[in-house]
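Each remark here refers to the structure printed beneath this line.
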Amino acid sequence: MPVGVGSALWAVGVPVVTVVFAVGGLYLTMWFAVVGLLLTATVAGLCAGMGWNRAGAGTLAAVGVMALGLFAGPVAHDTYLKQYGTMTDALVVDTAKEHDGHGRDVCRVVDASGKVRDLGNTENCYAQFTRGQHVVLFEDPIGNLKPWIEAAHTRTLDTTGLATTAGLFAATGGLMLYAGLRRRTDQQVAQKKQQRRRAPAAA
């Protein structure tokens, strides 16, 4: 396979697989996303850093995978439910921190039917809501996802989150493309090291 084609496939494949794992974690379990992202970051880092001898690009690509996964899941959750979810009025009856050592915020909400649900960071519950506050739940029409909680009746999307996710997607792919197109063989790396050793001696 030509170097350019192979590099382009890696440049597209790594961020796409990252998004798949991040979104899949919303439907399956958080561990599916965590394990998948760690594997993707490891493969990307090893491919670019050791396979192509571009350690700097490989390290940055691995970091990019983790950062992209961190943003892609919540942004996908927000975008899908804001656009296609049904809006339900609810009341925040309590806010607290999870007692699992992670210190994550939890919002306990009750809707007009009396249904009580505990929502966390993944559902947009941070420290922005207070006890007794009226909120809106954007509920999954299919029923697979927990509701997304907002303070107002609006389907406006978080453009900052979308832009950040798009930027991380492009940056991760760009790093893999750069590493692939500028790949070096072990022999080239060894020759460069020898040249650096000879330079001080010649001086």
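Structural remarks
- Among the protein heavy atoms, those of His77 account for about 10 Å² of accessible surface (1.4 Å probe, every chain in place).
- If you count Lys pairs in the chain whose Cα atoms are under 22 Å apart, skipping same-chain pairs closer than 8 places in sequence, the total is 5.
- Look at the Cα gyration tensor of the chain: its axes a ≥ b ≥ c give a/c of at least 1.5 with a/b over b/c, and that counts as prolate.
- For a modelled paramagnetic label at His134, 7 Å from Cα along Cα-to-Cβ, the residues of the stretch 54-94 in reach, with backbone nitrogen under 16 Å, are 87-93.
- Using the Karplus relation 6.51 cos²θ - 1.76 cosθ + 1.60 with θ = phi - 60°, the per-residue 3J(HN,Hα) values for the stretch 174-183 come to x, 5, 5, 5, 4, 4, x, 6, 9, 4 Hz, with x marking Gly and Pro.
- The charge dipole of the stretch 21-168, taken about the Cα centre with unit charges on the Cβ atoms of Lys, Arg (+1) and Asp, Glu (-1), comes to about 280 debye, rounded to the nearest 20.
- Averaged over its residues, the stretch 1-138 has an accessible area of 51 Å² per residue, based on protein heavy atoms and a 1.4 Å probe.
- When each of the peptides 78-88, 58-68, 105-115, 14-24 is scored by how many other beta carbons lie within 10 Å of its residues on average, the order from highest to lowest is 58-68, 14-24, 78-88, 105-115.
- A cut-off of 5 Å between modelled amide H atoms, ignoring neighbours fewer than 5 places along the same chain, links Leu145 with Asp140.
- Around Gly4: net Lys/Arg minus Asp/Glu count, Cβ-Cβ under 14 Å: +2
- Theoretical FRET efficiency, 1/(1+(r/R0)^6), r = Cβ-Cβ of Ala55 and Ala112, R0 41 Å, to 0.05: 0.10
- When shorter helices are ignored and each DSSP H run of at least 4 residues is given -39500 (n - 2.57), the per-residue value for the chain at 222 nm works out to -19500 deg cm²/dmol.
- Annotation: cysteines of the chain without a disulfide-compatible partner (Cβ-Cβ under 4.7 angstrom) are Cys47.
- Euclidean distance between Cα centres, the stretch 26-89 to the stretch 130-170, Å: 19
- The share of accessible area on the stretch 85-171 that comes from carbon and sulfur is 56 percent, using a 1.4 angstrom probe.
- Note on exposure: Trp31, Trp52, Trp10 ranked by accessible area (1.4 Å probe, complete protein assembly) read Trp31, Trp10, Trp52, with the most exposed listed first.
The values are calculated or read from the model by the stated rules, or taken from the named source; none is laboratory data. Here the structure is a predicted model, which is why all the values come from computation and not from measurement. Glycine gets a Cβ as well: all are built from the backbone with ideal geometry, and neighbour counts include every protein chain shown. Remember, those area values only see protein heavy atoms, side chains included, never the ligands or the DNA or RNA. Shrake-Rupley method; radii C 1.70, N 1.55, O 1.52, S 1.80 Å.
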